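We did not get these values from a lab; they are worked out from the coordinates using the rules stated. Predicted model, so just to flag it, every value in this text is computed and none were measured. Counting neighbours? That spans all protein chains shown, and the Cβs are built from the backbone with ideal geometry, glycine included.
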Amino acid sequence: GAVVSQHPSWVICKSGTSVKIECRSLDFQATTMFWYRQFPKQSLMLMATSNEGSKATYEQGVEKDKFLINHASLTLSTLTVTSAHPEDSSFYICSANTGNYEQYFGPGTRLTVT
Amino acid sequence: GESVGLHLPTLSVQEGDNSIINCAYSNSASDYFIWYKQESGKGPQFIIDIRSNMDKRQGQRVTVLLNKTVKHLSLQIAATQPGDSAVYFCAEGRSNDYKLSFGAGTTVTVRA
């Protein structure tokens, strides 16, 4: 149980385009979903917290107009990277929380912007 | 701002030996701590956690120690195996919002 999936697992897009990443909790309902970004050989950095039916809360320094988060249901959150640039190339990871301290991570999405 | 950090970026260990990975944290408000294992190109995998009201917790081949006096956390892996080679992160969290702050990570390499 407690499986989180991400789609796509990897994506290549051209500079200036937008790309959407999906995060799904497959066998449970997630009260909260979190989005992280991880650059090569670095740690995970929390980008935003997403709650179903409400606006996402962004961490300091994360542009909310660039990284659009939608949490449409208790099992789906999406992250859209708008007007992507090469510096947005990174590994994006989501996690889902069921209202306690347990957090289940997705397998990550590798984004490459050319 | 406050963050979780790791003392050593890399650790090389002989297969069969015990591994100890250390972590320093600075947020005294954190009330739980989690160790994750991350293999290349994959998401973090939960290893073990510990609440702030405990100082030791054991799992299968792993033990986590928490010293709140010096804000130090460690992960001990017994009889390290080649499959243990990965990057290990400690993370601290607070039960008021369940956000996690990750440390820098320690790369563990197991020598055959």
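Once backbone amide H atoms are built at 1.01 Å from N, A:Met47 has A:Trp35, A:Tyr36, A:Arg37 as its partners under 5 Å, excluding neighbours fewer than 5 places away on the same chain. Report, for the protein assembly as shown, the % of DSSP beta bridges that are antiparallel, rounded to 5. Expressed as a percentage, antiparallel bridges in the protein assembly as shown total about 90. Once each part is reduced to its C-alpha centroid, what is the distance from segment A:25-60 to segment B:19-66 in angstrom? Value for the Cα centre distance between the two parts: 20 Å. For a straight C-alpha distance cut-off of 19 angstrom, the aspartates and glutamates reachable from B:Lys71 (same-chain residues fewer than eight places away being disregarded) are B:Glu2, B:Asp31, B:Asp49, B:Asp55, B:Glu92.
Across the cross-link table entries A:Lys55/B:Lys42; A:Lys20/B:Lys56; A:Lys41/B:Lys99; A:Lys41/B:Lys68, which are compared at the Cα atoms, the separations over 30 Å belong to A:Lys20/B:Lys56. Checking Cβ-Cβ separations below 4.7 Å across the protein assembly as shown identifies A:Cys13 as cysteines lacking any candidate disulfide partner. One decimal place: the segment A:Ser15-A:Asn51 gains 10.0 nm when fully extended, by the rule 0.36 nm per residue minus the C-alpha distance. Here the label points at A:Glu22 and A:His7, each 7 Å from Cα along the C-beta direction, are separated by 0.3 nm in the simple model. Taking 25 °C and 0.890 mPa s as conditions, the protein assembly as shown diffuses translationally at an estimated 136 µm²/s according to Stokes-Einstein applied to its Kirkwood radius (Cα pairs).
With each label modelled as a point 7 angstrom along the Cα→C-beta vector, the A:Glu87-A:Thr31 pair spans 3.7 nm. Residues A:Tyr101, B:Tyr88, B:Tyr98, ranked from the fewest to the most other C-beta atoms within 10 Å, line up as A:Tyr101, B:Tyr98, B:Tyr88.
Farthest toward the positive end of the dipole of segment B:4-111, out of B:Leu66, B:Gly105, B:Ser19, is the Cα of B:Leu66, where the dipole comes from beta carbon charges about the Cα centre. Placing unit charges on the Cβ atoms only, positive for Lys and Arg and negative for Asp and Glu, gives chain B a dipole magnitude near 120 debye about its Cα centre.
Rounded to the nearest 0.05, what FRET efficiency is calculated for B:Asn53 and B:Ala79 with R0 set to 25 Å and r the Cβ-Cβ distance? Taking R0 as 25 Å, the efficiency between B:Asn53 and B:Ala79 is 0.30. Taking 23 Å as the straight-line reach from the Cα of A:Lys14, the lysines in range (excluding those fewer than 8 positions away in the same chain) are A:Lys64, A:Lys66.
Other protein chain C-beta atoms within 10 Å of residue C-beta, averaged over A:38-46: 5.
Our estimate of slack between B:Ala112 and B:Ile20, defined as 0.36 nm per intervening residue step minus the Cα-Cα distance, is 31.3 nm. For chain B, the Kirkwood estimate of hydrodynamic radius, built from reciprocal distances between every pair of different alpha carbons, is 14.0 Å. Taking segment A:84-113 and a reference point 7 angstrom along Cα→Cβ of B:Phe46, the backbone N atoms nearer than 14 Å belong to A:95-106.
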